[in-house]
Amino acid sequence: MAANNRRMSGKKGAQVGSGGQRRRGLEGKGPTPPAEARKGHKKNRIAGAKAKQAVRRPAPTRGRGGKGTSEMVVGRNPVVEALREGVPAVTLYVQQFIDNDERVREALQLVADRGGIHLMEAPRPELDRMTNGLNHQGLVLQVPPYEYAHPEDLVAAAYDAGEDPLIVVLDGITDPRNLGAVVRSATAFGGHGVVVPERRAAGMTAGAWKTSAGTAARTPVARATNLTRTLEAYKKAGIAVVGLAADGEAEVGELSALGGPVVIVVGSEGKGLSRLVGETCDFRVRIPMPGGAESLNAGVAAGVVLYEAARRRA
């Protein structure tokens, strides 16, 4: 009976077969962690909130023009052409059990030769979902976001190279192929870069990369949040701003300013320069066209003026 009372007592005592738990409980647990690491502490909650904010709001990239958006090139011919022209790519998605024709084999070979491009096999429903139902023909190429420069970077790069800046600014150009053609012309005639508006304008898409014939890898494209303010900043830096206009006061060949630091502004084929941009230009010049054509597309017009600038600098 005494044994039963002892077992039912509420008093705590050593338990038979405790395995040393009581002894281990008396051992130290090491140094006390800092307040930020102690769950439930006020500083721990503050640190957690800051970490979540950092994830939601990436740190700004200083001196850059930001990034574009990721893009998908869809279809066998477009994918092969993009790979041939050196368009940057992250992943080539190939449909499972695809008919292995010549274009598929070439795409796989180009990816293997270039290196650095992931090769992924995916079922057709997954490719349909990725392309929003477009006719992908079993091949989808993911193009990474383009990293734009800042307009000031173009001027700095020119002076670092010991050269007068030669920059092309596009106003109202919405066709990526025109942007690619201008980048190609700028590279050919020693230009230091191309500037495009951030909104309502063509960006560096896969189409622009293809038209540039790979020159976009050497000639930077910058993005401006406000084109007029960017031109004003160039003027304050001592750079002449020359706008192309059908009713320009002088012909391209007559403008000596093209031989020094200069920004060439090209408007859209239909509307030309916007009013504010046109008013900001130091000079407005025209390209003589004896053949009677009303206008030239942006790539051709930029090429003509860039050639004249390169000729004067030679």
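The values are calculated or read from the model by the stated rules, or taken from the named source; none is laboratory data. All values reported here derive from a predicted model rather than from experimental measurement. Glycine gets a Cβ as well: all are built from the backbone with ideal geometry, and neighbour counts include every protein chain shown. Surface accessibility is based on the protein's heavy atoms, side chains included, excluding ligands, DNA and RNA. Shrake-Rupley method; radii C 1.70, N 1.55, O 1.52, S 1.80 Å.
May I ask you to list the trypsin sites (Lys or Arg not before Pro) in segment 231-314 that are in a DSSP loop and have at most 11 other Cβ atoms within 10 Å of their Cβ?
Answer in residue order: LYS271.
Treat segment 200-271 as a sphere of radius equal to its Kirkwood radius over Cα pairs and apply Stokes-Einstein at 4 °C in a medium of 1.567 mPa s; give the translational diffusion coefficient in µm²/s, rounded to a whole number.
89 µm²/s
Subtract the Cα-Cα distance of TYR307 and LEU134 from 0.36 nm times their separation in residues, and report this length gain in nm to one decimal.
58.2 nm
Using a 1.4 angstrom probe on heavy atoms only, work out the carbon and sulfur share of the accessible area of segment 184-314 in %.
50 percent
Once neighbouring chains are kept in place and the probe is 1.4 Å, which whole percent of the accessible area of segment 85-172 is contributed by carbon and sulfur?
On segment 85-172, the fraction of accessible area on carbon and sulfur atoms equals 48 percent.
Working out 0.36 nm times the residue gap between GLU106 and GLU81, then minus their Cα-Cα distance, what length gain in nm do you get to one decimal?
Length gained, GLU106 through GLU81: 8.0 nm.
Return a whole-number percent for the relative contact order of segment 99-251, with Cα pairs under 8 Å and 6 or more residues apart as the contact set.
20 percent
Show the residues, 5+ positions off or on another chain, whose built amide H is closer than 5 Å to the amide H of MET72.
Close amide H contacts, sequence-distant or interchain: VAL143.
How high is the relative contact order of segment 183-261, in percent, counting Cα pairs under 8 Å that sit 6 or more residues apart?
Rounded, it is 30 percent for segment 183-261.
What is the calculated FRET efficiency for GLU249 to ALA217, with r their C-beta to C-beta distance and R₀ = 25 Å, to the nearest 0.05?
It comes to 0.10.
What spacing in nm lies between the two simple spin-label points modelled at LEU276 and GLU152, each 7 Å away from Cα in the Cβ direction?
2.1 nm
Name the aspartates and glutamates eligible as straight-distance cross-link partners of LYS67: C-alpha to C-alpha under 14 Å, and not fewer than 8 places from it in the same chain.
Correct list for LYS67: GLU147, GLU198.
May I ask you to list the GluC sites (Glu not before Pro) in segment 90-168 that are in a DSSP loop and have at most 11 other Cβ atoms within 10 Å of their Cβ?
Here no loop site has a sparse enough neighbourhood.
Mark the label point 7 Å from the Cα of PHE97 along Cα→Cβ and return the residues of segment 105-130 whose backbone N is within less than 12 Å of it.
123-125
Per the Kirkwood formula on distinct C-alpha pairs, the Rh of segment 143-201 is how many angstrom?
After inverting the mean inverse Cα-Cα distance, the result is 12.3 Å.
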